[in-house]
Amino acid sequence: MEVPIDAEQPTGEEPRPAKVTIRDVALAAGVSASTVCRALARPGRVNLETAKHVREVAERLGYQTKDLEPDDERVLRGAILAITADLRYPIFGEYIYGMQQQCEERDFCLLTAVSSDDPIKERATIRRMIPAVDGIILAASRLSNASIRKAAQVRPLVTINRPVGGVQSVVSDDRQSIGEIVATLKGLGHTSITYLAGHEASWHNGLRWQALLVACQQHSIRARQIPCGEVLLDPNSVAVFEPFLKNPSTAVVAFNDGLAIRFIDYLRLHGIGVPEQVSVVGADDTAEGQTFTPPLSSIFMPREEMGRIAADKLIGRILHVSDRDVTPVIRHSTFIARESIGPAPTAPMAPSRSA
């Protein structure tokens with residue numbers, strides 16, 4: 001049979017389509033198109049041998065990722081799931097903002113979910129989203145250590161303010177700040193402190209209470225704790241503050257600013273002045289606390305920086321460019337004294353019999 005003179009002559013090399021597509025690479029590599037996408041843009045989703053094989057085939061065929069539409073290329077880079085306890089409380093938004101900055105720089109998509117401090121919801125969200133993401137960041141997780149380790153076996157995972165053995169974490173160490181708070185209150189003449197506790201499952205709550213106990217022992221100050229986690233879930237649950245009126249102290253340290261502000265409002269309803277009769281310290285140094293009357297003494301944490309570090313550590317693990325060291329990354333908080341604390345009153349507030 002006569003061959004047209006303009007027909008392409010065999011050269012012994014694979015023929016290259018005019019424009020190589022993902023399907024062409026998949027066919028030549030003997031894998032699915034989705035595997036090609038993951039191998040080229042989301043290497044953490046396939047094993048190293050498959051990724052290497054696909055890249056070699058793509059290079060041989062002349063496939064270039066710039067053939068993708070810009071939006072598609074961005075989506076294919078990778079996706080991270082961040083789960084926070086409550087976006088209504090501003091500190092979690094600051095963590096997310098820090099994560100987003102790092103994700104944008106490295107072309108990862110950040111997805112956010114809210115657990116509402118419910119470990120069942122948090123676990124269900126992880127189970128539902130694991131097939132769609134390359135890694136997970138848990139901020140103030142309420143899951144058990146065993147559940148976090150199990151999730152970390154399925155996808156790269158980083159926690160914020162929740163250290164778990166064998167899992168990368170980024171934490172704020174408040175022990176020095178708590179020590180400064182107690183020393184400051186001692187210098188102002190206070191001899192007793194009440195701690196308004198947060199969620200029982202909160203690692204930070206436990207850290208702050210233990211640090212407060214140690215510092216109070218060092219300064220010969222009486223310390224006690226009142227469980228107030230209900231107020232964090234329902235602002236109307238102010239009945240949890242009643243034990244304070246029955247056995248008041250001259251100073252109070254609250255688990256966070258939101259709790260401290262609700263407590264001050266509660267004291268005002270009972271005609272008790274802050275700081276004239278009771279000095280109050282919060283934690284987290286929120287904008288609400290800074291602009292409150294009186295401005296709230298609090299603990300500042302570098303949350304945006306912590307969010308960036310968490311995302312950076314996670315992306316490094318996803319892309320297999322980080323070492324396997326999971327030593328917690330520690331950032332230290334800072335105590336900021338404002339007008340919500342003052343000298344201990346000369347006549348301590350009398351216990352209330354009606355509370």
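The values are calculated or read from the model by the stated rules, or taken from the named source; none is laboratory data. Keep in mind it's a predicted model, so treat the numbers as computed, not measured. Cβ sites come from the backbone with ideal geometry, for glycine too, and all protein chains shown count toward neighbours.
A few points about this structure:
- Enumeration of residues in region 306-355 that are farther than 29 Å from D257 by Cβ and crowded, with 21+ Cβ neighbours inside 10 Å: I315, R317, I318
- Among the candidates V31, V36, V25, the residue that is assigned to a helix (DSSP H, G or I), surrounded by 15 or more Cβ atoms within 10 Å (Cβ to Cβ) and modelled with pLDDT of 80 or more is uniquely V25.
- Test: residue in region 185-199 that is of a type outside the set (D, E, K, R) and at pLDDT below 95: yes
- Matching residues, region 285-308, being in contact with a Gly (Cβ under 8 Å, 6 or more places away or on another chain), under 19 Å from Y97 (Cβ atoms) and either part of a loop (DSSP other than H, G, I, E, B) or among the hydrophobic types (A, V, I, L, M, F, W, C) (or both): T286, M306
- Only one entry in G282, G258 is closer than 24 Å to W209 by Cβ, modelled with pLDDT under 95 and surrounded by 22 or more Cβ atoms within 10 Å (Cβ to Cβ), namely G258.
- T184 being crowded, with 23+ Cβ neighbours inside 10 Å, in contact (Cβ under 8 Å) with a residue 12 or more places away in the chain and not charged (D, E, K, R): no
- Once region 203-228 is narrowed to residues that are part of a strand (DSSP E or B) and of a type outside the set (S, T, N, Q), the residue that is surrounded by the fewest Cβ atoms within 10 Å (Cβ to Cβ) is R222.
- Residue within region 311-322 that is of a type in the set (K, R) and farther than 15 Å from I96 by Cα present: yes
- Scanning region 285-323 for residues being under 29 Å from A254 (Cβ atoms) and either in contact with a His (Cβ under 9 Å, 6 or more places away or on another chain) or aliphatic (A, V, I, L, M) (or both) gives a total of 8.
- Test set (1) modelled with pLDDT under 95; (2) touching a Ser or Thr at 6+ places or on another chain (Cβ under 9 Å) - A239 fails condition number: (2)
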